[in-house]
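Read the structure below first, then the notes.
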Amino acid sequence: MQGSSDKHGTFSWNELITTDLESAKQFYGALLGWSFTETKTIYGNTYLVAHKGAAVVGGMMLRDGNVPEDVAPCWDPYVTVDDVELSAGKVEDLGGEVVLPPTDIPGIGRFCVIRDRQGVSLNLISYATRDKE
C-alpha cells in the first residue's frame, strides 16, 4: 500500500478515519472517480484501499474498532522514516508523545502514532520493502 514517496521525511500515505465507511466510499468514489478493494486492518476490520485507475491513492477505515473513540473522523497522513523505532524514540526527547508504539502492518512495514507538543497526531512508517536512498 505504499504511496508515492518513500524517502525519509516525506508524506507517503493518507487514510480516512470515518464513522460511515459505505457513505465515505460512495462520496469519494463519485467525487474523485476512485474504485476500492477490500482488505483488513491490523485489528481484522474492513479496510478499503482507494484506486484511481491503476494507481493506489489512499485508504479508508472505520474509527470504531481501529482507533480510540476520542479520535475525530479525519484524513490521517503517514510520513516515511528510515527506522520507525529510532524515530519513535526521538519523539519523547523532543517533547512529544508516542500514542501507539511501533506496530507491524503485515506485508507493509511498521508504523507508530505520535503527537507533537501542540497535540497534533501523525503516523510514522517504515516500509518493509523500499530503497533507502
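Couple of notes before you dig in:
- Applying the set (1) within 19 Å of R110 (Cα to Cα); (2) at pLDDT below 95; (3) surrounded by fewer than 17 Cβ atoms within 10 Å (Cβ to Cβ); (4) of a type in the set (A, V, I, L, M) to V67 leaves exactly one unmet item: (3).
- Criterion applied to V56, V67 was being under 16 Å from the mean Cα position of the chain (by Cα) and not in a strand (DSSP E or B), and the one residue passing it is V67.
Rundown of residues vs (1) modelled with pLDDT of 95 or more; (2) in a strand (DSSP E or B), yes/no style:
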| position | (1), (2) |
| --- | --- |
| N14 | yes, yes |
| G29 | yes, no |
| L86 | yes, no |
| V99 | yes, yes |
| D104 | yes, yes |
| G107 | no, no |
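- Pairs, first under 16 Å from T37 (Cβ atoms) and touching a residue at least 24 places away in the same chain (Cβ under 8 Å) in the stretch 3-25, second assigned to a helix (DSSP H, G or I) and not small (G, A, S), C-beta under 8 Å, six or more apart: L16/Y28
- When the stretch 63-91 is filtered for residues that are closer than 11 Å to E15 by Cβ and of a type in the set (A, V, I, L, M, F, W, C), the ones remaining, listed by number, are V67, C74, W75.
- Top-ranked residue of the stretch 81-133 - restricted to ones that are closer than 24 Å to G44 by Cβ and polar (S, T, N, Q), ranked as surrounded by the fewest Cβ atoms within 10 Å (Cβ to Cβ): T129
- Condition check for V120: more than 23 Å from A50 (Cβ to Cβ) and aliphatic (A, V, I, L, M): yes
- Any hit, the stretch 49-60, residues being free of Cβ contacts under 8 Å to residues at least 12 places away in the same chain, more than 24 Å from S121 (Cα to Cα) and surrounded by 13 or more Cβ atoms within 10 Å (Cβ to Cβ): no
Yes/no matrix, rows are residues, columns are (1) β-branched (V, I, T); (2) part of a loop (DSSP other than H, G, I, E, B):
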{"residue": "D76", "(1), (2)": "no, no"}
{"residue": "V113", "(1), (2)": "yes, no"}
{"residue": "R117", "(1), (2)": "no, yes"}
{"residue": "I125", "(1), (2)": "yes, no"}
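The values are calculated or read from the model by the stated rules, or taken from the named source; none is laboratory data. Computed from a predicted model, the values in this text were never measured in an experiment. Note: ideal-geometry Cβ built from the backbone for every residue, glycine included; neighbour counts use all protein chains shown.
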